[in-house]
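What follows is a set of notes on a single structure, which appears directly below.
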């Protein structure tokens with residue numbers, strides 16, 4: 001751990017996260033709690049949530065609420081479900097909560113965040129706009145299984161295929177693994193297009 005705060009390193013961390021950083025990340029580059037507090041008082045940093053800060057003069061991002069939820073829930077969490085659809089711009093629906101998948105042992109209630117404790121393989125996680133998100137195929141099966149209307153799931157599938165974000169084979173492989181309502185909806189989507 002650094003003993004002297006390194007503003008350049010902190011900026012590099014925050015730059016990858018829409019201007020946000022955690023207390024833990026700041027400590028790794030030499031910021032004590034007192035130094036963080038002094039920077040908040042001077043206006044350089046903003047305290048957003050417990051353990052989450054923002055560089056005050058960093059440009060805004062369309063996904064600020066998602067970055068905050070991801071940082072609050074921890075580095076092993078992944079943006080998912082309707083929130084991932086929004087990142088991929090595959091739905092007109094605006095989720096009322098940020099959806100996050102996190103490890104089963106880390107589940108705790110958090111205001112404004114819908115926690116899911118499903119298992120994810122490495123192939124089901126990607127990075128988009130600097131955020132860890134579920135893959136397009138996993139996202140579509142998750143929203144189908146969670147009860148999103150068939151019409152909206154069909155819209156997301158159609159748009160994702162049209163934009164080359166996912167292939168038919170990827171969707172069929174994912175629905176075979178996940179099963180449930182997703183299997184029925186994805187099957188119906190492709191049967192209607194043969």
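Summary of values
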item	result
Whole-angstrom Cα spans of the chain along principal axes, big to small	63, 33, 26
Which of 22, 134 has the fewest Cβ neighbours within 10 Å, and the rest in rising order	22, 134
Packing-based ranking, highest mean first, of 86-94, 121-129, 62-70 given that Cβ atoms within 10 Å are counted	62-70, 86-94, 121-129
P(r), alpha carbons of the stretch 1-80 - 10 Å bins starting at zero, rounded %	19, 55, 23, 2
Residues 48, 101 arranged by fewest to most Cβ contacts within 10 Å	48, 101
Share, in percent, of DSSP beta bridges within the chain that are antiparallel, nearest 5	75 percent
Cα-based helix-to-principal-axis angle, 136-145 vs the chain, degrees rounded to 10	70 degrees
Sum of -39500 (n - 2.57) over DSSP H runs of 4+, divided by residues of the chain (222 nm, nearest 500)	-13500 deg cm²/dmol
For 71, 115, 85, order by how many other beta-carbon atoms lie within 10 Å, fewest first	115, 71, 85
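Coordinate-derived values only; no laboratory data. Keep in mind the model is a prediction, meaning the values are calculated, not measured. Cβ coordinates were reconstructed from backbone atoms using ideal geometry, including for glycine residues, and neighbour counts include every protein chain displayed.
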